[in-house]
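Inspection log for the structure reproduced underneath, given as structure tokens.
Since every read-out is calculated from the coordinates, none of them should be taken as a lab result. What you see is a predicted model; the values in this text were computed from it and never measured. Cβ placement follows ideal geometry from the backbone for every residue including glycine, while neighbour counts extend to all protein chains displayed.
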């Protein structure tokens, strides 16, 4: 059975896919349905407007928006939808070491919040989207808890490996 699509993952260009795939991968692991689309704030503003305005009608609960350079996509989408938007700043080829993207997404005016993860941290955006959905869905919450337990086990295993190496 296919998971119901609850998360929209959008990005400004095809080159962002290598980073944004990490959000898709974690949502797949956590069994949360998502859609993936290129939606450029600058090159396809009508598509961006339509995507954001109709997201709730399509059943989305959260939008993850990744963008590099001027990175207007997350903020513009957040201005058009009542859904939580998670911005992923991407260090792109035209980026100023990624800082332009970070600041463009982070420095939103009051009234238009965008949750912002670290540079290129699409996996964290996927986890945060799952936690948002999990706040009202016990099954998702349990999967997120199990995922976090796996992280703890990995760290403990790493410490055991360190102890044996000296």
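To keep it simple, each residue is scored yes or no on (1) farther than 20 Å from residue 127 by Cβ; (2) surrounded by fewer than 18 Cβ atoms within 10 Å (Cβ to Cβ); (3) free of Cβ contacts under 8 Å to residues at least 40 places away in the same chain.
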{"position": "51", "(1), (2), (3)": "yes, no, no"}
{"position": "62", "(1), (2), (3)": "no, no, no"}
{"position": "70", "(1), (2), (3)": "yes, yes, yes"}
{"position": "77", "(1), (2), (3)": "no, no, no"}
{"position": "89", "(1), (2), (3)": "no, no, yes"}
{"position": "107", "(1), (2), (3)": "yes, yes, yes"}
{"position": "111", "(1), (2), (3)": "yes, yes, yes"}
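Out of curiosity, is residue 103 under 23 Å from residue 41 (Cβ atoms) and in contact with a strand residue (DSSP E or B) (Cβ under 7 Å, 6 or more places away or on another chain)? So residue 103 does not fit the description; no. Evaluate the following for residue 134: is it in contact (Cβ under 8 Å) with a residue 12 or more places away in the chain and either out of contact with any strand residue (DSSP E or B) (no Cβ under 9 Å at 6 or more places or on another chain) or on the phi < 0 side of the Ramachandran plot (or both)? It is false that residue 134 is in contact (Cβ under 8 Å) with a residue 12 or more places away in the chain and either out of contact with any strand residue (DSSP E or B) (no Cβ under 9 Å at 6 or more places or on another chain) or on the phi < 0 side of the Ramachandran plot (or both). Which members of segment 1-12 meet the condition of being surrounded by fewer than 19 Cβ atoms within 10 Å (Cβ to Cβ) and part of a loop (DSSP other than H, G, I, E, B)? Once the filter is applied, which keeps residues that are surrounded by fewer than 19 Cβ atoms within 10 Å (Cβ to Cβ) and part of a loop (DSSP other than H, G, I, E, B), segment 1-12 yields 1, 2, 3, 4. In segment 115-125, of all residues being touching a strand residue (DSSP E or B) at 6+ places or on another chain (Cβ under 7 Å) and under 18 Å from residue 92 (Cβ atoms), the one that is surrounded by the fewest Cβ atoms within 10 Å (Cβ to Cβ) corresponds to 119. Filtering segment 92-105 down to residues that are over 23 Å from residue 34 (Cβ atoms) and crowded, with 17+ Cβ neighbours inside 10 Å, which residue is nearest to the chain's Cα centre (by Cα)? Here the residue is 102. Which of the residues that make up segment 135-145 are in a helix (DSSP H, G or I) and either in contact with a helix residue (DSSP H, G or I) (Cβ under 8 Å, 6 or more places away or on another chain) or closer than 18 Å to residue 33 by Cβ (or both)? Across segment 135-145, the qualifying residues are 138, 139, 140, 141, 142, 143, 144. Considering segment 1-31 alone, what residues qualify as being under 15 Å from residue 137 (Cβ atoms) and either within 13 Å of the chain's Cα centre (by Cα) or free of Cβ contacts under 8 Å to residues at least 60 places away in the same chain (or both)? Those that are under 15 Å from residue 137 (Cβ atoms) and either within 13 Å of the chain's Cα centre (by Cα) or free of Cβ contacts under 8 Å to residues at least 60 places away in the same chain (or both): 3, 4, 5, 6, 7, 27.
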